[in-house]
Amino acid sequence: MNFIHLKRVMMLASVVALSFFDAFSQEVGDRLPIKSGTDFIYPLDVPMSLSGNYGELRSNHFHAGIDFRVGGVVGAPIHATADGYVSRITVGPSGYGNALYITHSNGFVSVYGHMHCFKDEIAEFVRGKQYETESFRQDISLSPEQFPVKQGDYIGKAGNTGSSGGPHLHFEIRDEKGQCTNAFARGYLNIPDNLPPTFRNVVFYGFGWVGGIPESYYVGMPQKGVISLPKHSYVCIDAYDRQEGTNAKLAVNEYKVWLDSTLLYHFTLGEVPGAWGRDINSLIEFKQKVVRGRTYVKSYIEPGNRLQDRIKGSNYGIITLEDTLRHRVRIQVKDIGNNTSTRSYTVKRVDSLFMGKLPDSAQVNYGAWFLPNFYKTDGFKLYIPQGVLYNSINLSADTLDTRVTPYAPVWSVASNRIALRKAVSVTLGCNLPDSLISKAFIAHVYKGGSLGYAGGKYDTLKREMSANVLSLGNFTVAVDTVAPEITPTIANNAVVKGNTVVFRLRDRLSGIKDYRVEIDGHWVLAEHDAKTRRIIIPLQHAKIARGKKHSLVFEAVDNCGNGSRLKRVFTW
């Protein structure tokens, strides 16, 4: 397919897809920075240094705040960034862990995530709710009079709770619409930034259309001299920003690509609505992310990417070499301080090197990016709702020769290198004995035959199981009959000298659904740290007498209903 034909296809697709994008037009139209009406202050006492900034390219999302370093240890005091009141408190084993939300007079909200602890009055209030609901997890909304704060008030300590990779404070300032702002770009906070971004890597991909479906293939990294390219290609950029006083690899704010004097691609990050987070997978070269774990921003602009509202360019970001003369590809990256770095490459079209790189068009089963798609074959069904795809794809599914369970074959569905905005439905025919129906689930099948839990529901009449999944690839039906593992760190009849008892909780297949700890017959708080699989029981809050023997019962259940129970007698 040539690019004149491509433009016609894209114009037709745009007409068909207008209703799809209308739902987002209001969000896109009103995104200019606004004044806060509030003077925010830096919320820590330690010198300001970043381990993460707004817009970093994370897994399935853009980083929605600022990560402040705290010296590698928990316990740095946190202060309210402005007057307001604590409007929300969340506690959980993952995500932001312990987090406070403070609403300010202008409607803005500041967020403090991964906290080690809250100030005493708030901590006591939260514990009361945990004992009242008999749940470690909490999501509490509060009224203005309950916990008012003044700018600079102590609210707790920085920590490492939730999905944190080390002690730090995750900090956000959200506007009155709930949009997380880029606090440095808006000038709410300031930090010196005189260092330009750094290129870590650049790679080129060949590009073409097969039966109306875009296909690409790896060309390679630039070497010295003239780079050989096919007629159509695009460039992928791995770059990060730097700042004084930190080794952190921070987000780049702006990417530009030129072919000679023509601007092919210009992406400016700006502020991304949280609901658009997964569109990051269309911005980046998703195949590199899946195969090598590397994050490259690509110049090719996919038609279903909502981030097009902040992308300018021509020819869909594709490098088209109409002749065999030498041309110049220039790349520029810029941070929010307008520090820039540039790379430039000499390229030349050499068709003979890339013959046969694209797949055979006879094997294409067209799935349009702007329509719902349904694929069915004997023993398998796939439903892709409208608005899930970023690009048209080759819809296909077939069984692999090797089984990993006796209940269903392994189905290879399209490719796990296809990015999805939302979940799709997969349905597999399966042969399950009645005794295992409650233990069965659809499983992702990974390299080496390892399994990943995807859940699902079994239809006894149709003898098939369905699940919603966020990635394509290989699937089968598996069962989990093994109960969670509860590992104590104290022996039976032990004397506990500290103020905590720690257990480890793990399920190797379907995952932990719930757990419960009782001491002397009543529920006690047991804090869950998902990343370390630890269950921490603070005995000083367990409402038990010191110097006496106590009976502890720990129960856990996984997502397939398998349960474990462990007893311990201890003296504290």
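The values are calculated or read from the model by the stated rules, or taken from the named source; none is laboratory data. Values in this document were obtained by computation on a predicted structure and should not be read as measured data. As a convention, Cβ positions derive from the backbone with ideal geometry for all residues, glycine included, and neighbour counts pool all protein chains shown. Ligands, DNA and RNA are stripped out before the accessible areas are found, and what is left, the full protein with its side chains, is counted by its heavy atoms. Shrake-Rupley method; radii C 1.70, N 1.55, O 1.52, S 1.80 Å.
Would you check if there is a residue in segment 208-224 being modelled with pLDDT of 95 or more, out of contact with any Asp or Glu (no Cβ under 7 Å at 6 or more places or on another chain) and not in a strand (DSSP E or B)?
Checked segment 208-224: no residue is modelled with pLDDT of 95 or more, out of contact with any Asp or Glu (no Cβ under 7 Å at 6 or more places or on another chain) and not in a strand (DSSP E or B).
Condition test on Ser163, is it under 18 Å from Asp529 (Cα atoms) and surrounded by fewer than 17 Cβ atoms within 10 Å (Cβ to Cβ)? Show your work before the answer.
Values: under 18 Å from Asp529 (Cα atoms): yes; surrounded by fewer than 17 Cβ atoms within 10 Å (Cβ to Cβ): yes.
The answer is yes for Ser163.
Check off (1) surrounded by 23 or more Cβ atoms within 10 Å (Cβ to Cβ); (2) under 24 Å from Tyr188 (Cα atoms) for Gly97 and give me the number that stays unchecked.
(2)
I need the strands (runs of 3 or more DSSP E) fully contained in segment 468-557, keeping only those with at least 3 residues that are at pLDDT 95 or above and not β-branched (Val, Ile, Thr).
On the way: elements: 473-479, 485-488, 500-506, 512-519, 527-529, 534-538.
Because the criterion is at least 3 residues that are at pLDDT 95 or above and not β-branched (Val, Ile, Thr), the strands (runs of 3 or more DSSP E) in segment 468-557 that meet it are 473-479, 500-506, 512-519, 527-529.
How many of the residues making up segment 349-384 are among the acidic types (Asp, Glu) and at pLDDT below 95? Steps first, please.
Keep residues of segment 349-384 that are among the acidic types (Asp, Glu), which gives 351, 360, 378.
Now drop any that are not at pLDDT below 95, which leaves 360.
The number of residues fulfilling the criteria is 1.
Can you name every residue in segment 457-487 that is open to solvent by 50 Å² or more (accessible area, probe 1.4 Å) and closer than 24 Å to Leu505 by Cβ?
Answer for segment 457-487, where residues must be open to solvent by 50 Å² or more (accessible area, probe 1.4 Å) and closer than 24 Å to Leu505 by Cβ: Thr481, Val482, Glu485, Thr487.
Do any residues in segment 123-142 that are in contact (Cβ under 8 Å) with a residue 40 or more places away in the chain have Cβ atoms under 7 Å from those of residues that are open to solvent by less than 90 Å² (accessible area, probe 1.4 Å) and among the hydroxyl-bearing types (Ser, Thr, Tyr), where the two are at least six apart or on different chains, and which pairs are they?
Hits for this filter: Gln138/Thr90; Asp139/Thr90; Ser141/Ser87; Leu142/Ser87.
Out of (1) open to solvent by less than 50 Å² (accessible area, probe 1.4 Å); (2) at pLDDT below 95, what's the single condition that is false for Thr346?
It fails just one condition, (2).
Can you tell me which of Ser59, Ser105 is out of contact with any Ser or Thr (no Cβ under 7 Å at 6 or more places or on another chain), surrounded by fewer than 19 Cβ atoms within 10 Å (Cβ to Cβ), on the phi < 0 side of the Ramachandran plot and not β-branched (Val, Ile, Thr)? Give the steps one after another, and end with the answer.
Values: Ser105 fails: out of contact with any Ser or Thr (no Cβ under 7 Å at 6 or more places or on another chain).
Sole residue among the options that is out of contact with any Ser or Thr (no Cβ under 7 Å at 6 or more places or on another chain), surrounded by fewer than 19 Cβ atoms within 10 Å (Cβ to Cβ), on the phi < 0 side of the Ramachandran plot and not β-branched (Val, Ile, Thr): Ser59.
Counting only residues that are under 30 Å from Pro303 (Cβ atoms) and of a type in the set (S, T, N, Q), which one in segment 374-409 is surrounded by the fewest Cβ atoms within 10 Å (Cβ to Cβ)?
Just the residues of segment 374-409 that are under 30 Å from Pro303 (Cβ atoms), to begin with: 374-377, 380-398.
From what is left, the residues that are of a type in the set (S, T, N, Q) are 377, 386, 391-392, 394, 396.
Numbers: Thr377: 12, Gln386: 15, Asn391: 19, Ser392: 24, Asn394: 18, Ser396: 16.
Filtering segment 374-409 for residues that are under 30 Å from Pro303 (Cβ atoms) and of a type in the set (S, T, N, Q), the one surrounded by the fewest Cβ atoms within 10 Å (Cβ to Cβ) comes out as Thr377.
Can you find even one residue in segment 430-439 that is of a type in the set (Lys, Arg), open to solvent by 60 Å² or more (accessible area, probe 1.4 Å), under 26 Å from His528 (Cα atoms) and in contact with a strand residue (DSSP E or B) (Cβ under 6 Å, 6 or more places away or on another chain)? Talk me through it step by step, then tell me what you get.
We begin by selecting, within segment 430-439, every residue of a type in the set (Lys, Arg); these are 439.
Now narrow it down to the ones that are open to solvent by 60 Å² or more (accessible area, probe 1.4 Å): none.
Among the residues of segment 430-439, not one is of a type in the set (Lys, Arg), open to solvent by 60 Å² or more (accessible area, probe 1.4 Å), under 26 Å from His528 (Cα atoms) and in contact with a strand residue (DSSP E or B) (Cβ under 6 Å, 6 or more places away or on another chain), which makes the answer no.
When Thr38 is evaluated against the numbered criteria (1) in a loop (DSSP other than H, G, I, E, B); (2) touching a His at 6+ places or on another chain (Cβ under 6 Å); (3) modelled with pLDDT of 95 or more; (4) not aromatic (Phe, Trp, Tyr), which criterion, by number, is the only one it fails?
Every condition holds for Thr38 apart from (3).
In segment 290-304, what count of residues is obtained for those that are touching a Lys or Arg at 6+ places or on another chain (Cβ under 9 Å) and under 20 Å from Ser392 (Cβ atoms)? Give the steps one after another, and end with the answer.
Our first condition is that a residue be touching a Lys or Arg at 6+ places or on another chain (Cβ under 9 Å); within segment 290-304, this holds for 290-291, 294-296, 304.
Next, from what is left, pick out any that are under 20 Å from Ser392 (Cβ atoms): 290, 304.
Total satisfying the criteria: 2.
Restricting segment 245-283 to residues that are in a helix (DSSP H, G or I) and aliphatic (A, V, I, L, M), which is surrounded by the fewest Cβ atoms within 10 Å (Cβ to Cβ)?
Ranking the candidates gives Ala275 first.
Condition test on Ser412, is it open to solvent by 20 Å² or more (accessible area, probe 1.4 Å) and under 22 Å from Ser216 (Cβ atoms)?
Numbers: open to solvent by 20 Å² or more (accessible area, probe 1.4 Å): yes; under 22 Å from Ser216 (Cβ atoms): yes.
When the stated conditions are applied, Ser412 passes them.
Only one residue in Ile89, Ile102 is within 18 Å of Glu176 (Cβ to Cβ), of a type in the set (Val, Ile, Thr) and assigned to a strand (DSSP E or B), so which one is that? Steps first, please.
Values: Ile89 fails: within 18 Å of Glu176 (Cβ to Cβ).
None of the others qualify; the one that does is Ile102.
One line per residue, one yes/no per condition, for (1) within 30 Å of Thr427 (Cβ to Cβ); (2) aromatic (Phe, Trp, Tyr); (3) within 23 Å of the chain's Cα centre (by Cα):
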{"residue": "Tyr453", "(1), (2), (3)": "yes, yes, yes"}
{"residue": "Ile490", "(1), (2), (3)": "no, no, no"}
{"residue": "Gly498", "(1), (2), (3)": "no, no, no"}
{"residue": "Val501", "(1), (2), (3)": "no, no, no"}
{"residue": "Asp507", "(1), (2), (3)": "yes, no, yes"}
{"residue": "Asp529", "(1), (2), (3)": "no, no, yes"}
{"residue": "Ile537", "(1), (2), (3)": "no, no, no"}
{"residue": "Gln540", "(1), (2), (3)": "no, no, no"}
{"residue": "Val553", "(1), (2), (3)": "no, no, no"}
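Scan (1) out of contact with any Pro (no Cβ under 6 Å at 6 or more places or on another chain); (2) in a strand (DSSP E or B) for the single condition Tyr96 breaks and write down its number.
Tyr96 satisfies all of (1) out of contact with any Pro (no Cβ under 6 Å at 6 or more places or on another chain); (2) in a strand (DSSP E or B) except (2).
Is there a residue being in contact with a helix residue (DSSP H, G or I) (Cβ under 8 Å, 6 or more places away or on another chain), surrounded by fewer than 18 Cβ atoms within 10 Å (Cβ to Cβ) and of a type outside the set (A, V, I, L, M, F, W, C) anywhere in segment 76-85?
Quick first cut of segment 76-85, residues in contact with a helix residue (DSSP H, G or I) (Cβ under 8 Å, 6 or more places away or on another chain) only: none.
Checked against the condition, which is being in contact with a helix residue (DSSP H, G or I) (Cβ under 8 Å, 6 or more places away or on another chain), surrounded by fewer than 18 Cβ atoms within 10 Å (Cβ to Cβ) and of a type outside the set (A, V, I, L, M, F, W, C), segment 76-85 yields no hits at all.
Within segment 147-154, can one find any residue that is under 25 Å from the mean Cα position of the chain (by Cα), over 21 Å from Phe68 (Cα atoms) and assigned to a strand (DSSP E or B)?
At the first step, the residues of segment 147-154 found to be under 25 Å from the mean Cα position of the chain (by Cα) are none.
Among the residues of segment 147-154, not one is under 25 Å from the mean Cα position of the chain (by Cα), over 21 Å from Phe68 (Cα atoms) and assigned to a strand (DSSP E or B), which makes the answer no.
Hey, among the residues in segment 536-554 that are free of Cβ contacts under 8 Å to residues at least 40 places away in the same chain and open to solvent by less than 30 Å² (accessible area, probe 1.4 Å), which one's nearest to Thr489 (Cα to Cα)?
Here the residue is Ile537.
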